[in-house]
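What follows is a structure written as structure tokens; I'll ask about it next.
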Amino acid sequence: MASCTRPDILTMFVGTYSDGFYAYEFDQNAGTLVGDGPVAKAEIPNPSYLSVHDNKVYAVSEMHDASASVWAWRWCGNGFELLNSQPTGIPERGEDPCYVSTDGTLLAVANYSGGTLATYRLTTDGSIAPLDSLLVSGTGGPDLSRQEAPHVHCAIFSPDGKHLFFSEFSADEIGRLDVIPGGVRNYCRAATLHSDCGPRHLLFDASGEHLYVIGELSGDITVFDYAAGTLTEKQVIKADRMDARGAADIHLSPDGKFLYASLRLRGDGIVVFEVGPGGVLAYAGYTTTGPHPRNFNITPNGRYVLVACRDNDSIEIYARDNSTGLLTDTGRRISLERPVFVGW
């Protein structure tokens with residue numbers, strides 16, 4: 001979120017596995033913080049993923065019990081105003097919410113341990129209405145230690161506004177729901193990925209013509225063509241060449257020319273792919289980061305990549321070459337406890 005008066009100054013929101021999430025001011029031209037620390041903090045246990053829409057911030061509280069919930073705040077420019085919160089499911093079906101997204105009218109939450117996709121209506125002031133639907137995911141993947149129970153890791157709205165897609169981690173599938181006024185309906189299997197994929201995060205490109213899926217277990221990225229609700233597999237390319245089974249996040253550069261993916265558990269870092277005609281990927285390079293880069297983000301001007309390294313309590317700042325896509329460590333760090341999300 002850029003300042004109304006200084007577009008080079010971003011309001012940066014940081015989620016953590018700690019006791020709250022934060023707002024900072026970040027200069028995207030200089031690649032540095034404005035000031036010595038956060039502007040504001042919202043106190044909530046384990047706010048591991050956030051979604052920012054207009055001046056609203058939605059955060060999941062990733063708890064492994066009945067206190068698991070999703071929260072809504074209004075960002076007031078220098079502080080947070082709490083709107084409300086809702087549980088992320090029924091008992092034993094809402095645990096460990098790990099992803100939240102919104103189209104401005106509906107809110108979707110992926111519950112990892114609960115194995116469910118929860119959806120909500122948003123009220124006119126941005127508050128979250130009571131739970132509207134709860135869909136239980138499937139199983140069927142071969143990894144009996146990681147895919148033995150249903151898991152949902154991500155849910156995103158299609159750019160055409162007609163569908164909600166979500167990763168069925170344990171079934172090695174992508175699910176789809178139709179978006180209708182005030183809700184969702186008509187579940188179907190949109191795509192079956194290769195066995196032992198463990199789909200984690202999903203990402204549409206700016207054209208809305210391609211969907212990228214990173215497999216946490218397989219460590220590869222699957223490219224789909226997208227049209228009228230239909231996914232057609234186009235390419236599978238390896239991202240994790242060490243088979244660490246911890247691939248995590250994906251983002252496209254603002255110009256759409258490069259795709260980045262974070263890898264964890266062994267050889268932690270960010271892999272870079274060049275995006276070619278038709279959305280296909282070609283390996284471009286790799287940069288080692290601090291331990292456990294669960295999440296990262298790219299500044300809107302494309303100049304910097306900020307990597308949330310959970311296990312060294314810092315956000316690492318990398319300069320980005322717009323022509324090659326490659327990253328260079330600036331050596332600058334933002335210190336805070338167990339960061340796991342960076343967004344604007």
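Each reported figure results from applying straightforward, stated rules to the coordinates on display, with no laboratory input. Since the model is a prediction, treat every value here as computed from it, not as a measurement. Here Cβ is always computed from backbone atoms with ideal geometry, including for glycine, and neighbour counts include all displayed protein chains.
Would you work out which of Ile156, Gly198, Leu135 lies farthest towards the positive end of the dipole of segment 105-214, given +1 charges on the beta-carbon of Lys and Arg and -1 on that of Asp and Glu, about the Cα centre?
The listed residue farthest towards the positive side: Leu135.
Using only Cα atoms, what Kirkwood radius does segment 49-198 have, in angstroms?
Result for segment 49-198 stands at 15.3 Å.
Could you tell me the center-to-center distance, by alpha carbons, between segment 71-86 and segment 299-344 in angstrom?
Rounded to whole Å, the Cα centres lie 25 Å apart.
Given DSSP loops and a limit of at most 13 other Cβ atoms within 10 Å, what is the longest stretch of the chain that contains no such GluC sites (Glu not before Pro)?
Longest gap between qualifying sites, sites excluded: 149-336.
P(r) for segment 195-295: what percent of alpha-carbon pairs falls in each 10 Å bin, starting at zero?
With a bin width of 10 Å, the distribution comes to 17, 52, 27, 4, 0.
Averaged over every viewing direction, what's the projected area of the C-alpha convex hull for the chain? Give it in nm², one decimal, please.
15.3
Okay, next question. Residues with beta-carbon under 11 Å from that of Ala261, excluding Ala261: net charge, scoring Lys, Arg +1 and Asp, Glu -1?
Within the 11 Å Cβ shell, the charges total -1.
Sticking with this one: What percentages make up the Cα-Cα pair-distance distribution of segment 81-150 when the bins are 10 Å wide from 0?
Spelled out bin by bin, segment 81-150 gives 21, 46, 23, 8, 1 percent.
Further question on the same structure: Any idea what log10 I(q)/I(0) is at q = 0.20 Å⁻¹ for segment 179-230, Debye with uniform C-alpha scatterers and no solvent?
Debye curve over Cα of segment 179-230, log10 I(q)/I(0) at q = 0.20 Å⁻¹: -0.82.
Lys and Arg at +1, Asp and Glu at -1: add these up for the other residues within a Cβ distance under 15 Å of Thr139 and post the number.
Result for the neighbourhood of Thr139: -3.
For every other residue with a beta carbon closer than 12 angstrom to the beta carbon of Thr324, add +1 if it is Lys or Arg and -1 if Asp or Glu, then tell me the sum.
Local charge sum for Thr324: 0.
Cross-link partners among lysines for Lys234, C-alpha distance below 24 Å, same-chain residues fewer than 8 apart left out?
Partners within reach: Lys162, Lys257.
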